[in-house]
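Chemist: Below is a structure I'd like to ask you about.
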Amino acid sequence: MLHTPVGVEPQGATLAEMDLGMMGVGGDEALLKEKQMIDAATSIPGVMAAGTVNFTPLSGAGMRGIPIYRQGTADMSLSNQVLGSRVYPVSPGYFAAAGTQLRSGRSLTWADDDERRPRAAIVNETFARKLYGAASAVGQHFVMWDVLYEVVGVAEDGKYGDLTESPEGAVYTSSPQMEQSNVILVVRSRLQENEIRAQLQRTLEGIEPGMPIKIESWQDALSMCCSRRGRLLLRWA
């Protein structure tokens, strides 16, 4: 189980969790703060990538079982769904920061939030296989929450709730399209853990003074989460 591919690479990644809603920050202002935090984090010497996600995989939180329908479906009853999927709102830069590999297509960009364009999504391999079979998923469409999405990329499968789970479908959508107050900044760096923590604390406090920030390595976050649920304590070599 220790060698099970989980779809992320926690080693070398640090998480900074914040609740912008607690500070009364929302809407366009929240998006601006999110972009500022990503830009500021990537400007720290030794940082290789940074991006945000609202719920990290294997954290015990997030959206699951969201009904997915084929394009053109008229009957949106649960019995007519193709699958129930995990959903992760993410920013540009998340996949590089998380160490999640894209199998085809491209990553998300800020331009995907243009309301004049179709909503963009990245799906994992299980999702692509269940909806599109052997055909290429990139350029295909699906319906979620009565909204039409276009697949712009396919990411590797991972583990989302439990190490022993069967393969699940997952969708990554652009975070500005699904406003959430909770934001987790994922930062991949070459720095020692104490160095990147101190740097992130100073940097983020400069953007939003007084905001509570929880900073920890992704390895520690996974270990604590798994031990709380009575699962195997993960130790990453």
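Chemist: Treating the angle as unsigned and between 0 and 90°, give the value, to the nearest 10°, between the Cα long axis of helix 27-42 and the longest Cα principal axis of the chain.
Modeler: 60 degrees
Chemist: So how far apart, in nm, are the two label points at ARG117 and ASP19 if each is 7 Å from Cα heading toward Cβ?
Modeler: Reported label-point gap for ARG117 and ASP19 is 3.3 nm.
Chemist: Largest first and to the nearest Å, give the Cα extent of the stretch 31-80 along each principal axis.
Modeler: Largest first, the stretch 31-80 extends 52, 26, 18 Å along its Cα principal axes.
Chemist: How much net charge surrounds ALA16 when only the other residues with a Cβ under 11 Å from the Cβ of ALA16 are counted, with Lys and Arg +1 and Asp and Glu -1?
Modeler: -1
Chemist: Relative contact order of the chain: what whole-number percent is it, with Cα pairs under 8 angstrom and at least 6 residues apart?
Modeler: Relative contact order for the chain comes out at 35 percent.
Chemist: Between helix 218-228 and the chain, what is the angle of the helix's C-alpha long axis to the longest principal axis, kept within 0 to 90° and rounded to the nearest 10?
Modeler: Orientation of helix 218-228: about 70 degrees from the principal axis.
Chemist: So what is the calculated 222 nm ellipticity per residue for the chain, using -39500 (n - 2.57) for each DSSP H run with n of 4 or more, over all residues, to the nearest 500 deg cm²/dmol?
Modeler: So the calculated ellipticity at 222 nm is -7000 deg cm²/dmol.
Chemist: Suppose we flag chymotrypsin sites (Phe, Trp or Tyr not before Pro) only when DSSP calls them loop and at most 15 other Cβ atoms lie within 10 Å. Which is the longest uninterrupted stretch of the chain?
Modeler: By the stated rule (loop sites, at most 15 other Cβ atoms within 10 Å), 1-144.
Chemist: So if I take the centroid of the Cα atoms in the stretch 51-91 and the same for the stretch 132-165, what is the distance between those two points in Å?
Modeler: 9 Å
Chemist: So what does the Cα-only Debye profile of the chain read at q = 0.07, 0.12 Å⁻¹, as log10 I(q)/I(0), no solvent term?
Modeler: -0.22, -0.67
Chemist: Going by alpha carbons, how many degrees (0 to 90, nearest 10) lie between the helix axis of 193-207 and the longest principal axis of the chain?
Modeler: That helix lies at roughly 80 degrees to the long axis.
Bear in mind that the values in this text are calculations on the coordinates, not laboratory data. Not measured: the values here are computed from a predicted model. In this analysis, Cβ positions are derived from the backbone assuming ideal geometry, glycine residues included, and neighbour counts consider all displayed protein chains.
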